Amino acid sequence: MYYGVSTDAVLDLLCSIGIEAVEAFHGGHTDAYRDEVWQAAVKRGLAVTAGSDHHGPEHHPRPGHRPVPLADVHGAIKRLREAHQAAGRP
C-alpha cells in the first residue's frame, strides 16, 4: 500500500507511463513492504533498485548496511545501459 493505494495499482499506473525500475530497497521500508514492491516489480519485468541518498549519521540504516541481492544490482545496471544505448547515447 502506498498512501492507501495498492502497490499493484501504483506500479500498473507507472508502467503505463514508461518507468523501467522501482526502488524497493529504502531505509524507510519495512521488510514486508520491500518484499511486496520487489515481487510486484519483478512480476512486471521492472529493474529493482536501492536508494543511494543519505541524510546524515542520525538516520538508519547507514549506506552499505542494507543487504541488496547482487542479481538486482546487475539487473538494474543492465536495464539502464540498454535504455542509454536505445536513446542513442554512447
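None of the figures in this text is laboratory data; all of them are computed from the coordinates on show. Small disclaimer: the values here were computed from a predicted structure and weren't measured. Ideal geometry is used to build each Cβ from the backbone, glycine not excepted, and the neighbour counts take in all protein chains shown.
Once phi is turned into ³J(HN,Hα) by the Karplus curve 6.51 cos²θ - 1.76 cosθ + 1.60 with θ = phi - 60°, what whole-Hz value does each residue of segment 12-20 show in order, with x for glycine and proline?
My calculation for segment 12-20 gives 4, 4, 5, 5, 5, 9, x, 5, 10 Hz in order.
Full-extension gain between Arg44 and Leu13, please, as 0.36 nm times their residue separation minus the C-alpha to C-alpha distance. Let's see the in-between values first.
Numbers: separation 31, 0.36 × 31 = 11.16 nm, distance 1.17 nm.
My answer for the length gained is 10.0 nm.
Can you sort Glu20, Glu36, Glu82 so the residue with the fewest Cβ neighbours within 10 Å comes first? Walk me through the numbers on the way to the answer.
Values: Glu20 15, Glu36 18, Glu82 12.
Going from sparsest to densest Cβ surroundings: Glu82, Glu20, Glu36.
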